[in-house]
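Following: one structure in C-alpha cells, then a few remarks.
The values are calculated or read from the model by the stated rules, or taken from the named source; none is laboratory data. Just so it is clear, the model here is predicted, and its values are computed rather than measured. Ideal geometry is used to build each Cβ from the backbone, glycine not excepted, and the neighbour counts take in all protein chains shown. What goes into the accessible areas is simple: the full protein's heavy atoms, side chains included, and nothing from ligands, DNA or RNA. Shrake-Rupley method; radii C 1.70, N 1.55, O 1.52, S 1.80 Å.
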Amino acid sequence: MASKLSFKRMDSIAETMPDALQQSRYQMKRCFQRYVSKGRRLLKNQQLVEELEKSLDDKAEKEKLVEGFLGYIICSTQEAVVLPPFVAFAVRMNPGIWEYVKVHSDDLSVEGITPSEYLKFKETLYDEKWAKDDNSLEVDFGALDLSTPHLTLPSSIGNGMQFVSKFMSSKLNDKPESMKPLLDYLLTLNYRGEKLMVNDTIDSVDKLQTALLLAEVFVSGLPKFTPYLKFEQRFQEWGLEKGWGENAERCKETLNFLSEVLQAPDPINMEKFFSRVPSIFNIVVFSIHGYFGQEKVLGLPDTGGQVVYILDQVRSMEEELVQRIKQQGLHITPKILVLTRLIPDSKGTKCNVELEPVENTKYSQILRVPFKTEDGKDLRQWVSRFDIYPYLERYTQVCQLRIINYQHSHVSDIQ
C-alpha cells in the first residue's frame, strides 16, 4: 500500500491529523484498539499497515481510507511505539523531514512531540526504570556547534561538504581579523605533538600570506616531482611545516588554494583546501550489536549484512587514509579500530577474542570489549540489540579507557 498524496511542507501532522481521524472516527478507533490490544510493543511500518487493513471490513471504505490522508501518514511512518493508551508515531514524510506525534487510542486526540520525547517513549518500552533515570547516558549532538546552521532540505543530502564550505567562506571577508580563526585552526594541527603545515612563528594572517607567497614562488621554480624532503628546511624558515604535499607540484596546489581563500574567500577553493588538510589519522568505528566477526557469524541473531558492510568500509577507509597521508607528504601510520562487543560464550566464533586484525588490511583491528553487569562482572552471553540499553553507559566508560590505552600502546612515530 502506498498513497500518492502529499501535503505542503508548512502543514503539521499534529494540526492536520485530528480532523482526518474524526472523519473516520469509528474505523480509526477500531484500528487504534488493535494497535494497543497487545500491550507495549514497537510496530514497524508493515505491521501498522496490516493492522489498519484488518480493522476495515468494507472494501470500498478500506480503499478510501488507505488512499486518503491517514493512509498516507501510516505509509510514511517508519515505526510506532505503543505504550497504552498512547501510540507514538515517527513519521518521515520526505527524506530528511521527520515529525513525531502521539495519539490517544480512546479519544483519538493528537499531540505533537519532540524527538527527545519520542526517544523517551522508546526507551520506556525496553526499560522504564532506566528511561526515567536522570543520570542515564544521553548524547547531545546538537551541542557540538549551536551556531552552525542545520541542513533541512532533502536536496542537501550528500552535499554536506559543499554546505560547510559555503558557510565558512560566508564568515570570511577581506579583513585580516576575519581570517584569524582560520589561522588559529591551522596552528592547532599536529600529530603527537609535532606541528603540521604551520608553526608558531606565523602569528598573524599577514605573515601567513607572505609565507604562502614566498613558498609558492619557490616551488614554482622546482621540477614538479621534487620530493618535499628536498625543500623541507626552506619551508621551515618561512614558518611552514610538512603536510602541504609530497612533492613540489602538490605543495604548490595546496599553497595556492589557501592563498585564494585568504585573498577572496569562495566555497570552491575552501573545499579544495580543506580536502588537503592533514587532520585524520585514526578512526574508531562502533558496531556493538550482534556477533561481530570475520567468519562463522552470518546468520546468528542480529548478525547479517552490517558486519560485511563495515568490514568492507574499513578496508576502503584504510586505503583512502594511506593514499591521503602519502599525498600530504607525511610518514604516519594510520589506525582504524572497530570497537565491538566481546562475548565470552561465543558459539564457536572469534567473538571472545579481544584483539583481532582485520583481514586484507595492514593497519585495522577489531577491539572487543565486554558488557558489564551491575556488579562489574563480564556479561558472558549474547544480548539482543533491543536489550542492550541498560549496559551502554558502563560500556562507553570502559571503551573510552580502552581506546586511550590502545592508542598509547600502539604509538607510531612520525618521521
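Work through the residues other than residue 189 whose Cβ is under 11 Å from its Cβ and net out their charges, Lys, Arg +1 and Asp, Glu -1. Could the numbers behind the result be given before it?
Values: positive: 195, 242; negative: 184, 194, 241.
Result for the neighbourhood of residue 189: -1.
Taking Cα atoms, how many degrees apart are the long axis of helix 160-171 and the longest axis of the chain, rounded to 10 and kept between 0 and 90?
Orientation of helix 160-171: about 60 degrees from the principal axis.
One-quarter of the Cα convex hull surface for segment 121-275, in nm²?
Numbers: hull surface 54.0 nm².
Mean projected area of the Cα convex hull: 13.5 nm².
Around residue 101, with a cut-off of 12 angstrom between Cβ atoms, what is the net charge of the other residues, counting Lys and Arg +1 and Asp and Glu -1?
Numbers: positive: 102; negative: 15, 99, 111, 117.
Charge balance near residue 101 sits at -3.
Within the chain, what whole-number % of the accessible surface is contributed by carbon and sulfur, with the 1.4 Å probe and all protein chains included in the calculation?
Numbers: 11690 of 22840 Å².
The C+S portion of the solvent-accessible surface of the chain is 51 percent.
Once the cut-off is 38 Å, how many percent of the Cα-Cα pairs in the chain end up in the long-distance tail? Display every interim value, and only then the final one.
Details: 37583 of 85905 pairs.
The calculated P(r) of the chain puts 44 percent of pairs beyond 38 Å.
Counting other C-beta atoms within 10 Å, and keeping those with at most 13, which DSSP coil chymotrypsin sites (Phe, Trp or Tyr not before Pro) do you find in segment 7-111? Write down the numbers at each step before the final one.
Numbers: sites: 7, 26, 32, 35, 69, 72, 86, 89, 98, 100; in loops: 7.
Counting only loop positions with at most 13 other Cβ atoms within 10 Å, the chymotrypsin sites (Phe, Trp or Tyr not before Pro) in segment 7-111 are 7.
Using the Cα centre as the reference, give the magnitude of the dipole from point charges on the C-beta atoms of the chain (Lys, Arg: +1; Asp, Glu: -1; all else neutral), rounded to the nearest 20 debye. Mind dumping the intermediate values first?
Values: 52 positive and 58 negative charges, 160 e Å.
For this selection, approximately 760 debye.
Using 18 Å as the cut-off for backbone N distance, which residues of segment 68-103 belong to the label zone defined by a point 7 Å from the Cα of residue 163 along Cα→Cβ?
Output list for this probe position: 92-99.
Taking Cα atoms, how many degrees apart are the long axis of helix 13-23 and the longest axis of the chain, rounded to 10 and kept between 0 and 90?
That helix lies at roughly 20 degrees to the long axis.
Rounded to the nearest 10 degrees, what's the angle between the helix 115-126 long axis and the longest principal axis of the chain, both from Cα atoms, 0 to 90?
Helix 115-126 sits at roughly 60 degrees to that axis.
What does the charge dipole of segment 270-412 about its Cα centre add up to, to the nearest 20 debye, if the Cβ of each Lys and Arg holds +1 and the Cβ of each Asp and Glu holds -1?
Charge dipole of segment 270-412: 300 debye, to the nearest 20.
Contact order normalised by length for the chain, with contacts defined as Cα pairs under 8 Å and 6 or more residues apart; what percent is it?
Working: 592 pairs, mean separation 41.9, N = 415.
Computed over the chain, the figure is 10 percent.
Lys and Arg at +1, Asp and Glu at -1: add these up for the other residues within a Cβ distance under 15 Å of residue 124 and post the number.
Values: positive: 40, 41, 102, 120, 122, 129, 132; negative: 79, 117, 123, 127, 128, 133, 134, 138, 387.
The answer is -2.
Quick one, what does Rg over Rh come out to for segment 327-392 if you take C-alpha atoms and the Kirkwood Rh?
Details: Rg = 15.5 Å, Rh = 13.8 Å.
Ratio of gyration radius to Kirkwood radius: 1.13.
Taking N as the number of residues in segment 282-407, what value does Rg over Cα atoms divided by 2.2 N^0.38 Å take?
Numbers: Rg = 15.3 Å, N = 126, 2.2 N^0.38 = 13.8 Å.
Normalised Rg, Cα atoms only: 1.11.
In segment 12-71, which trypsin sites (Lys or Arg not before Pro) are in a loop and have at most 11 other Cβ atoms within 10 Å, using DSSP for the loop call?
38
Scan segment 271-345 for trypsin sites (Lys or Arg not before Pro) in coil per DSSP, keeping those whose Cβ has at most 16 other Cβ atoms within 10 Å, and list them by number.
Values: sites: 272, 276, 296, 315, 324, 326, 335, 341; in loops: 276, 296.
Qualifying residues, ordered by number: 296.
Can you compute log10 of I(q)/I(0) for segment 30-120 with the Debye formula, treating each Cα as one identical point scatterer, at q = 0.21, 0.22 Å⁻¹?
Reported log10 I(q)/I(0), two decimals: -1.06, -1.16.
Report the residue, chosen from 389, 291, 309, that carries the largest GNM mean-square fluctuation when the chain is represented by alpha-carbon nodes joined by springs under 10 Å.
309
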